[in-house]
Amino acid sequence: QELLRVMRTIDDRIVHELNTTIPTASFVGKIDAGQTCKELYQSLMDAHTSRERIIKNCIAQTSSVVKTLREEREKAQDDVALLKQLRKEQTKLKLMQSELNVEEVVNDRSWKVLS
C-alpha cells in the first residue's frame, strides 16, 4: 500500500502538473506545450500500467498462498495457527482486490482532469 501511495503521486498532483505544463502567455514561445503535454500523458500511462501490473502480480501471489493454505487446512482442520494464517492471507487478498477498484477511480479522475 505504501508503494502504491508513492506511485500515485503523479495522479494526486495532476492539476499542479497541468498548471506547470501549459505555458502562460509570456512563455508561449519558449515551451512546446504540445510536447510537454504528450510527455505528461505518457508518464500517466506508464504509471497506470505499472501500478496495475504490480497490483495484479500481488493478487496472483497471494491467491496462490491462499490456495496452498486452503489445501493444508483441509488436511489439518484442527490447526488453529493455520486457520489464522489463512484468514490473514484472505484479508490481504481482499485488500489487494479492492486496490484494483481504487486504481480505477484514481485513473478515471486523472484522465478527466487531463482531458
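On the protein heavy atoms, probe 1.4 angstrom, tell me the percent of accessible surface of the chain carried by carbon and sulfur. Result for the chain: 54 percent of the exposed heavy-atom area is carbon or sulfur. What the phi angles of segment 8-17 give under the Karplus curve with 6.51, -1.76 and 1.60, with θ = phi - 60°, is a coupling list of 8, 4, 4, 6, 5, 10, 4, 5, 4, 4 Hz, glycine and proline written as x. Label separation (Gln77 vs Val102): 3.7 nm, computed from points 7 Å beyond Cα along the C-beta direction.
Using only the heavy atoms of the protein chains and a 1.4 Å probe, how would Ser50, Ser110, Ser64, Ser115 rank by accessible area, largest first? Can you show the working numbers first?
Values: Ser50 25, Ser110 0, Ser64 65, Ser115 130 Å².
Result, largest first: Ser115, Ser64, Ser50, Ser110.
The phi torsions of segment 85-90, fed into the Karplus equation with coefficients 6.51, -1.76 and 1.60 and a -60° offset, translate into couplings of 5, 4, 4, 4, 5, 5 Hz, rounded to whole numbers, with Gly and Pro shown as x.
This model, with +1 at the C-beta of Lys and Arg and -1 at the C-beta of Asp and Glu, gives the chain a dipole about its Cα centre of some 180 debye. Rolling a 1.4 Å probe over the protein heavy atoms gives the chain an accessible area of 70 Å² per residue. Over the chain, all Cα pairs binned in 10 Å intervals from 0 give whole-percent P(r) values of 12, 32, 22, 16, 10, 6, 2, 0, listed from short to long. For the pair segment 1-17 / segment 44-64, the C-alpha centres are spaced 15 Å from each other.
Excluding same-chain residues fewer than 8 positions from Lys112, which lysines have a Cα within less than 22 Å of its Cα? Result set, ordered by chain and number: Lys38.
The values are calculated or read from the model by the stated rules, or taken from the named source; none is laboratory data. The structure displayed is predicted, hence computed values, not measured ones. Because the Cβ atoms are built from the backbone with ideal geometry, glycine has one as well, and the counts that use them run over all protein chains shown. For the accessible areas, the whole protein counts, side chains as well, though only heavy atoms, and no ligand, DNA or RNA atoms are used. Shrake-Rupley method; radii C 1.70, N 1.55, O 1.52, S 1.80 Å.
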